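What follows is a short report on a single structure.
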Amino acid sequence: MFLALKEMTRAKARFGLLIAAIALLVFLILFQQSLQNGLLTSFVGGIRNQSAPVLVYSVDGQRILQGSIITPDLEALVESAPGVGEVGAIHQGTFTVTSADGAFDASLLGYADPALGAPTTIVEGRLAESLDEVVASSADAESGFDIGDVVRVEPGGLELTVVGLADQAQINAGPTLYGTVDTFLDALRAQNPDAGTPLPNVLGVAPADGTTVDEVVASINAQSDELDAFTKDDAADATPGVAQVRQSFQVIFLLYGLVIPCVTGLFFLIVTFQKAGALTLLRAIGAPAGRLVASLLIQAVLIVGLGYLIGTLLYTPVSQLRLGGIPLEFETAAVITWAIVLMALGLLSSLVAARRVLAIDPVQATTGAGVGR
Amino acid sequence: MSTSSSAPDTSAPALEMKAVRKVYRMGDADIIALDHASLTVQHDEIVALVGPSGSGKTTLCSIAGGILGATEGRVVVAGDDITDYDAKQLTKFRQERVGFVFQSVNLVPFLTARENLLVVDELGRRTGAAARARADQLLEELGLADRRNNLPSQLSGGQRQRVAIGRALMNEPRLVLFDEPTSALDTQLGEQVMELIRNEMKSRGTAAIVVTHDERITHFCDRSVHIVDGHLDAA
């Protein structure tokens, strides 16, 4: 500790620059993690955070809510599948909606049973109880979708009052409203009086007592090749584009994950070469090699730790922002996970320098040679 | 024998080397750096080890200080037979029993003069306040009290050498090994440093070997031993 801290104190600029570089990289990693999660949540958060444990699409719908149509025959097959408990229709459509802030393309979801399709992350207010009530995604509260706000479905002018706000409940990265099936049908008919009664887009399913969610998914899928049943999390992940977005970000994370150990490893290797004489002298006067390696590892821990702390402090205010309509969130799990990963990689990378230290022969102090010479 | 368990034998010679050989393997050839060298240094004796470059004087010094192992022979320092010590034991031995002043790199550049002395305690016994008091006392004696918080880069060559001497004395060794201590200094400064070495060693009753190729400084030592091609001419 003595040597590690003294050296860092006396070379503030050198170590400070490395800490700053790591802080910047940590900030970028965490920011991109928030961006990824915010982006995915704004696309499929409403699927993940609704009450039906299982969602059943038609295969033709290609796992898109609005593209899926459940015919009565398919509905009957779902209802008769072993292990199926309750089944409820869910409708989804995109409507032009005007709020105090202007016109938006909003998704409206209508559920037949609040236990099978209503949002589960109500943070303020309540679920819709009457025809002219809806729950809005909290991310859009400031865009005229706050509790008490009245929004109009255009054309037709159907007025809906926001009575609740749900977190992470957006679909298709736009304002999202949740109401009953009748509210959905009213909106549809207000827009197009000849719309008739549309078929549900998906079915929300709850397993019967004693049946697991996975069992019921397998059971429904076994009923017909035209049915595509998923747990709600799998349904969110299976939405077209989600895997590609995740994969793109993973490549970015991988690159960052490589840059940090490379920067740290090279830094310590260079420093080890630069202070070769001092290390050899210390070995000659009786410093155990392990003590010198420990000193190096302490520095690596302090540098990565401080860099991580500063990076997280920079990230914290940014994580509260909205970016182009995408609400960012402080990702606690990502902060913890990356801290462990980067600390491990930082230590691992400094082992190259540690090997050099271990290879020092104290006799080199008598010849003026040092590490690697 | 363990370096940590055995207290220094103050009546024993500071160094006894008996028929020590050091052979380096270079490709297919054996290079004999030290050939059956025997040397005894009494407990308060200062010995000048004089010889030309490549004569084996640094090798002898390194073996005496436990930096290098002998190929053959016996090495006893202040009663400790270090001949068969492994690397770990030799590290501890160097930490606790001998002092070194090297020819080239002598100080840790990112530590102040005082910290360069304290690092000896940090690596070993960690006595804390006692070590700080000893470091301050040594710096005072060496005329460096006002330079204690200076980094090596802020010290002159002579001052750096004095700090190195202080560091070599921090662990209260029975034997201090000086490898060309004046080679980087001008004649006047070299003589001042040698006088300081003599005074410090004699006042403490500490033995020393001063490796040099400069005959002009040998008069500061009690006797001179010449080494040529790994052979000592007097012991």
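The values are calculated or read from the model by the stated rules, or taken from the named source; none is laboratory data. Keep in mind it's a predicted model, so treat the numbers as computed, not measured. With ideal geometry, Cβ positions are generated from the backbone for all residues, glycine too; neighbour counts draw on all protein chains shown. Ligands, DNA and RNA are stripped out before the accessible areas are found, and what is left, the full protein with its side chains, is counted by its heavy atoms. Shrake-Rupley method; radii C 1.70, N 1.55, O 1.52, S 1.80 Å.
Computed values, structure above
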item	result
Count of the stretch B:168-190 residues which are assigned to a helix (DSSP H, G or I), open to solvent by 10 Å² or more (accessible area, probe 1.4 Å) and within 13 Å of another protein chain (Cβ to nearest Cβ)	0
Options A:F249, A:F230: the member that is in the same structural domain as A:V59 (by TED's automatic domain parsing), in contact (Cβ under 8 Å) with a residue 12 or more places away in the chain and open to solvent by 20 Å² or more (accessible area, probe 1.4 Å)	A:F230
Residue within the stretch A:279-301 that is part of a helix (DSSP H, G or I) and farther than 30 Å from B:S104 by Cβ present	yes
Any chance B:A78 is among the small types (G, A, S) and within 21 Å of A:G290 (Cα to Cα)	no
Test result for A:L255, assigned by TED's automatic domain parsing to the domain that holds A:A334, open to solvent by 20 Å² or more (accessible area, probe 1.4 Å) and on the phi < 0 side of the Ramachandran plot	yes
Flag if A:E129 is over 24 Å from the mean Cα position of the chain (by Cα) and among the charged types (D, E, K, R)	yes
Residues that are under 20 Å from A:L342 (Cα atoms) and within 14 Å of chain B (Cβ to nearest Cβ), drawn from the stretch A:288-327	A:V293, A:A294, A:S295, A:L296, A:I298, A:Q299
Qualifying residue in the stretch A:16-24 (condition: surrounded by fewer than 17 Cβ atoms within 10 Å (Cβ to Cβ), in contact with a helix residue (DSSP H, G or I) (Cβ under 8 Å, 6 or more places away or on another chain) and under 14 Å from A:G307 (Cβ atoms))	yes
Qualifying residue in the stretch A:349-364 (condition: within 14 Å of chain B (Cβ to nearest Cβ) and either small (G, A, S) or open to solvent by 70 Å² or more (accessible area, probe 1.4 Å) (or both))	yes
Meets criteria (β-branched (V, I, T) and either open to solvent by less than 20 Å² (accessible area, probe 1.4 Å) or farther than 30 Å from A:A300 by Cβ (or both)) for A:V242	yes
Matching residues, the stretch B:44-69, being touching a helix residue (DSSP H, G or I) at 6+ places or on another chain (Cβ under 8 Å), open to solvent by less than 10 Å² (accessible area, probe 1.4 Å) and aliphatic (A, V, I, L, M)	B:I46, B:A48, B:L49, B:V50
Looking only at the stretch B:131-144, and only at residues there that are at pLDDT 90 or above and open to solvent by 50 Å² or more (accessible area, probe 1.4 Å), the one that is farthest from the other protein chains (Cβ to nearest Cβ)	B:E140
Any hit, the stretch A:289-309, residues being open to solvent by 30 Å² or more (accessible area, probe 1.4 Å), among the charged types (D, E, K, R) and touching a Gly at 6+ places or on another chain (Cβ under 7 Å)	no
Residue ID - farthest from the other protein chains (Cβ to nearest Cβ), chosen from residues in the stretch B:88-118 that are hydrophobic (A, V, I, L, M, F, W, C) and either open to solvent by 30 Å² or more (accessible area, probe 1.4 Å) or over 16 Å from the mean Cα position of the chain (by Cα) (or both)	B:A113
Filtered residue count, the stretch B:62-87, keeping only those that are at the interface with another protein chain (Cβ under 10 Å from one of its Cβ atoms) and among the hydroxyl-bearing types (S, T, Y)	1
Wholly within the stretch A:1-114, helices (runs of 4 or more DSSP H) carrying at least 2 residues that are closer than 30 Å to A:C262 by Cα and free of Cβ contacts under 8 Å to residues at least 60 places away in the same chain	A:2-10, A:12-48
Selected residue (only one of A:A4, A:A76 is small (G, A, S) and surrounded by 15 or more Cβ atoms within 10 Å (Cβ to Cβ))	A:A4
Flag for A:V135 being open to solvent by 10 Å² or more (accessible area, probe 1.4 Å), at pLDDT 95 or above and either part of a loop (DSSP other than H, G, I, E, B) or outside the structural domain of A:R322 (by TED's automatic domain parsing) (or both)	no
Flag for A:I285 being facing another protein chain (nearest Cβ under 9 Å), open to solvent by 10 Å² or more (accessible area, probe 1.4 Å) and among the β-branched types (V, I, T)	yes
